[in-house]
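One structure is given below, encoded as structure tokens.
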Amino acid sequence: MTTTEIAPPLPPVGLLPKAREKMGRRFAYGFLILSILPILVGYAWLIIATVSFRTEGLLPRNAEGGIGGFTLRNWDFVTDAAIWNAMFNSLLIALAMVIGVGIASTAGGYALSRMKFAGRKGFLSMTLVLHAFKAEMLLIAIFFVLRWLGDIPIIGNFIGFNSVGGVALVMIALELPLGIWLMKGFFDNLAWDMERAALIDGASRFRVWWQIMLPQVRPGLAALSLFTFIAGWNAYLVPFTFTIGTKVANMPVFLNQLISDTAPTNWNQVAAVGLFQMIPLLIFFIFTQELLLNIYAGGSKGS
Amino acid sequence: MRVEIKNLSKAWDGVVGADNINLDISDGDLVAFLGPSGCGKTTTLLMVAGIYKPSGGTISFDGQVVNEVAPKDRGIGMVFQSYALYPHMSVFGNISYPLKLQKVDKAGIKQRVQKVADMMGIGDLLDRKIAQLSGGQQQRVSLGRALVKEPQLLLFDEPLSNLDARLRLTMRGEIKRLQSDLGITSIYVTHDQVEAMTMADKIAVMSKGVLQAYDVPEALYDRPKTLFVAGFVGNPPMNFLDVEVTGSDGEFRARSEAIDLVLPPDRAEKAAAIKGKVAMGLRPEDVDLVSDASPGAAGLTLGGMVEGVEPLGREDLVGVSINGVEMRVLVDKTKGVKVGDNIELAVDTSKIQLFDKETEQSLLWA
Ligand SMILES: Nc1ncnc2c1ncn2[C@@H]1O[C@H](COP(=O)(O)OP(=O)(O)OP(=O)(O)O)[C@@H](O)[C@H]1O
Ligand SMILES: [Mg+2]
């Protein structure tokens, strides 16, 4: 047996180690707080503004210019049917996107990851390249496509120009390259053996995909669904371009309609609508926080 | 079920996985595919399973060509090295999955799963999640899932290589017993030759996609037909020495700069006809330490210096340098051989193997 030598602790330099650690932590927190300060101030303003008559910086002012002026007048819009309609449209677009992108990405991602077919390589690189095209560049072309779709009898009313379905369709298409690549990555990480075992156990290829492979990529699908939902909920450019009037407007477009060119804009009301738009997302986040942390920390859990 | 493999090949643009394999497996036999990593064992097995499409050749079950039959219709069960269990299902869910797909009624499923699970010793784990099982238990579940549909043919792809040595030993015995009790024809892929030797009725030795030999274990060990088989089967591996075999007046000798041995005529005859060097194979266990009590006969011994000693428990694996040629031999531990000792070894020349260095074929059994 050898004797173990314990190294003597290093003599303290300047501050005691404990004090030094404390200093370090303070510095770290100070830095973090400083860097998120602009965002915090922004949110603080948003919240204060929604319940104020008028604001000057972060200070609420009443009509006479003194501090105060608390009011719920900015929230009057909640009794307006138009905003509930916009919210419903937002929800419709977001959900349609989650479903459409989810199905197409998991099916496409699986095929690209696992199957050999002509044009597979070309398709993969094409989707990447196409993803680099911003939606703005495609707006005019998409306009013609939607007009053409709108001319199809009956279903044209649901997926053509100036329809919620049309907007959702365009948004799904724009989101798909990312979704397919993401899901392909998740499928690539799965071992072949499980799939082979299922084929031998008597499953068809479709059943293997549905019953065996999909459950393994659930965390990835959850993350993709979340991103897609947020993208759909906040969609502005596409709905703004391809819808007219308030009937098919979603929340961001409705918000924009409040900012009129002719009448003076009530910024406090705009702030309130903005906050209102965030509420569903906030609630969603609060309830799925744990699940989301799992996705990022653990990936697929278990063996 | 009888399995016939004829001229079976698999290649992926340029990469050869299996090259013209011919193999007949009798009903109820366990055949081991043995070979180094990358030699095409898994490739061949997956073709039998129907997962890979052969590039050429046929696979027949009981005389019926099954090349175009889907995996699920081949009546096979398979156990993977990675277990390949479905992690989102319970143990019961895993074992019952094949039966559910066969649309067996609920009561039937329950009864059959319980029976198989009890047989595998995991009857009380049916409600567990897969992640809550040890490696050995997972492999039992995997075996249970393969057995539950009562397959005609069982395929194993290195099922034990992820388990620790002790468990491997137990499972090896259990699988062999199960297989022979149930009488299911089996193919067992392994690169562990002890596993192959102890479990298999016949062993198919593969190398670089080519079937090198297909025979019963003893034959591969005693009568290896190629240099590769001789070197691969047996642990510790056979020693090879380059010698020239000459014969005159009915006495045959194997000579090189390092050694000079008298060989039995029945072994040496064919080698003597070859001009130049041949490869002589000598297993580590076919030598004896010469002592005063048991002196070696003249011309049947080799002298050398001990360069290394690896204790294996009952025996020592001794590295000897015989006039500069390295050999590894097994010596009884009680002899107390030490590094630096000069020792004399009596060779059992009736066990010697001889190979043509060009063709790598045996000069005894080809
Ligand atoms: N899907 C594939 N595409 C291309 N080459 C492959 C494929 N599968 C196997 N190979 C190649 O075929 C050869 C045989 O592989 P195989 O998996 O059958 O080896 P193995 O004997 O099972 O080895 P191990 O003991 O390491 O599992 C290897 O050279 C391998 O690289
Ligand atoms: Mg393998």
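The values are calculated or read from the model by the stated rules, or taken from the named source; none is laboratory data. All values reported here derive from a predicted model rather than from experimental measurement. Here Cβ is always computed from backbone atoms with ideal geometry, including for glycine, and neighbour counts include all displayed protein chains. Accessible surface is based on the protein model in full, side chains and every heavy atom, while ligands, DNA and RNA are left aside. Shrake-Rupley method; radii C 1.70, N 1.55, O 1.52, S 1.80 Å.
Taking B:Val194, is it within 14 Å of the chain's Cα centre (by Cα), over 21 Å from B:Leu261 (Cα atoms) and crowded, with 17+ Cβ neighbours inside 10 Å? Step through it out loud before you land on a result.
On the way: within 14 Å of the chain's Cα centre (by Cα): yes; over 21 Å from B:Leu261 (Cα atoms): yes; crowded, with 17+ Cβ neighbours inside 10 Å: no.
So B:Val194 fails the test.
So for the stretch B:134-145 (the condition being more than 23 Å from the chain's Cα centre (by Cα), in contact (Cβ under 8 Å) with a residue 60 or more places away in the chain and surrounded by 15 or more Cβ atoms within 10 Å (Cβ to Cβ)), does at least one residue qualify?
yes
Can B:Phe80 be described as closer than 24 Å to A:Ala191 by Cβ and under 17 Å from the mean Cα position of the chain (by Cα)? Please lay out each step first, then the result.
Values: closer than 24 Å to A:Ala191 by Cβ: yes; under 17 Å from the mean Cα position of the chain (by Cα): no.
In short, no.
Considering only the stretch A:143-166, state which residues are of a type in the set (A, V, I, L, M, F, W, C) and open to solvent by 30 Å² or more (accessible area, probe 1.4 Å). Before you say what the answer is, go through the steps one by one.
Pass one, the stretch A:143-166, residues of a type in the set (A, V, I, L, M, F, W, C): A:143-146, A:148-149, A:152, A:154-155, A:158-159, A:161, A:164.
Matches in the stretch A:143-166: A:Phe143, A:Phe144, A:Val145, A:Trp148, A:Ile152, A:Ile154, A:Ile155, A:Phe158, A:Ile159, A:Phe161.
Could you list, in sequence order, all residues of the stretch B:29-39 that are of a type in the set (Gly, Ala, Ser) and modelled with pLDDT of 95 or more?
Of the residues in the stretch B:29-39, the ones of a type in the set (Gly, Ala, Ser) are B:32, B:35, B:37-38.
Passing the criteria: only B:Ala32.
Within the stretch B:10-68, can you find the residues that are within 14 Å of chain A (Cβ to nearest Cβ), touching a Ser or Thr at 6+ places or on another chain (Cβ under 8 Å) and either open to solvent by 30 Å² or more (accessible area, probe 1.4 Å) or within 15 Å of ligand 1 (Cβ to nearest atom) (or both)?
Answer for the stretch B:10-68, where residues must be within 14 Å of chain A (Cβ to nearest Cβ), touching a Ser or Thr at 6+ places or on another chain (Cβ under 8 Å) and either open to solvent by 30 Å² or more (accessible area, probe 1.4 Å) or within 15 Å of ligand 1 (Cβ to nearest atom) (or both): just B:Tyr52.
Which helices (runs of 4 or more DSSP H) does the stretch B:159-226 wholly contain that include 1 or more residues that are outside the structural domain of B:Val31 (by TED's automatic domain parsing)? Write out each step before concluding.
Details: elements: B:165-182, B:193-199, B:217-222.
The helices (runs of 4 or more DSSP H) meeting that bar number zero.
Scan the stretch B:75-90 for residues that are assigned to a loop (DSSP other than H, G, I, E, B), open to solvent by less than 50 Å² (accessible area, probe 1.4 Å) and either under 24 Å from B:Thr190 (Cα atoms) or more than 8 Å from chain A (Cβ to nearest Cβ) (or both) and jot them down.
Across the stretch B:75-90, the qualifying residues are B:Gly75, B:Phe80, B:Tyr83, B:Ala84, B:Leu85, B:Tyr86, B:Met89.
Within the stretch A:167-203, take every residue that is at the interface with another protein chain (Cβ under 8 Å from one of its Cβ atoms) and of a type in the set (Gly, Ala, Ser) and give me the one that is surrounded by the most Cβ atoms within 10 Å (Cβ to Cβ).
The extreme case among them is A:Ala197.
Out of all the residues in the stretch B:268-275, is one or more part of a strand (DSSP E or B) and over 29 Å from the mean Cα position of the chain (by Cα)? Don't jump to the end; show me each part of the working.
In the first step, residues of the stretch B:268-275 are kept if they are part of a strand (DSSP E or B); the result is none.
No, the stretch B:268-275 has no match at all.
Mind telling me which of the residues B:Lys6, B:Lys72, B:Lys110, B:Lys115 ends up being touching a Ser or Thr at 6+ places or on another chain (Cβ under 6 Å), more than 16 Å from ligand 1 (Cβ to nearest atom) and either within 11 Å of chain A (Cβ to nearest Cβ) or open to solvent by 50 Å² or more (accessible area, probe 1.4 Å) (or both)? Give the derivation first.
On the way: B:Lys72 fails: touching a Ser or Thr at 6+ places or on another chain (Cβ under 6 Å); B:Lys110 fails: touching a Ser or Thr at 6+ places or on another chain (Cβ under 6 Å); B:Lys115 fails: touching a Ser or Thr at 6+ places or on another chain (Cβ under 6 Å).
Answer to the check: B:Lys6.
Out of the residues in the stretch B:320-354 meeting the condition of being in a strand (DSSP E or B) and farther than 16 Å from B:Asp286 by Cβ, tell me which one is most open to solvent (accessible area, probe 1.4 Å).
Filtering the stretch B:320-354 down to residues in a strand (DSSP E or B) leaves B:320-322, B:325-332, B:342-347, B:353-354.
Still in the running and farther than 16 Å from B:Asp286 by Cβ: B:321, B:325-326, B:342.
On the way: B:Ser321: 22, B:Val325: 52, B:Glu326: 108, B:Asn342: 129 Å².
Per the stated criteria, the residue is B:Asn342.
If you scan the stretch B:1-36, which residues turn out to be within 16 Å of ligand 2 (Cβ to nearest atom), out of contact with any strand residue (DSSP E or B) (no Cβ under 7 Å at 6 or more places or on another chain) and either closer than 19 Å to B:Val79 by Cβ or free of Cβ contacts under 8 Å to residues at least 24 places away in the same chain (or both)?
B:Trp12, B:Val15, listed by residue number.
What number of residues in the stretch A:90-123 are over 24 Å from the mean Cα position of the chain (by Cα) and either among the aliphatic types (A, V, I, L, M) or not assigned by TED's automatic domain parsing to the domain that holds A:Pro280 (or both)?
Residues of the stretch A:90-123 over 24 Å from the mean Cα position of the chain (by Cα): A:111-123.
Cutting the leftovers down to either among the aliphatic types (A, V, I, L, M) or not assigned by TED's automatic domain parsing to the domain that holds A:Pro280 (or both) gives us A:111-112, A:115, A:118.
Residues that pass the stated criteria total 4.
What residue, of B:Asp249, B:Asp286, B:Asp260, B:Asp266, is in the same structural domain as B:Leu330 (by TED's automatic domain parsing) and touching a helix residue (DSSP H, G or I) at 6+ places or on another chain (Cβ under 6 Å)? Step through it out loud before you land on a result.
Values: B:Asp249 fails: touching a helix residue (DSSP H, G or I) at 6+ places or on another chain (Cβ under 6 Å); B:Asp260 fails: touching a helix residue (DSSP H, G or I) at 6+ places or on another chain (Cβ under 6 Å); B:Asp266 fails: touching a helix residue (DSSP H, G or I) at 6+ places or on another chain (Cβ under 6 Å).
Matching residue, one of B:Asp249, B:Asp286, B:Asp260, B:Asp266: B:Asp286.
So which residues in the stretch A:206-222 are surrounded by fewer than 19 Cβ atoms within 10 Å (Cβ to Cβ) and within 10 Å of another protein chain (Cβ to nearest Cβ), if there are any at all?
Of the stretch A:206-222, the ones surrounded by fewer than 19 Cβ atoms within 10 Å (Cβ to Cβ) are A:206-207, A:210-211, A:214-215, A:218-219, A:222.
A:Arg207, A:Gln211, A:Leu214, A:Pro215, A:Arg218, listed by residue number.
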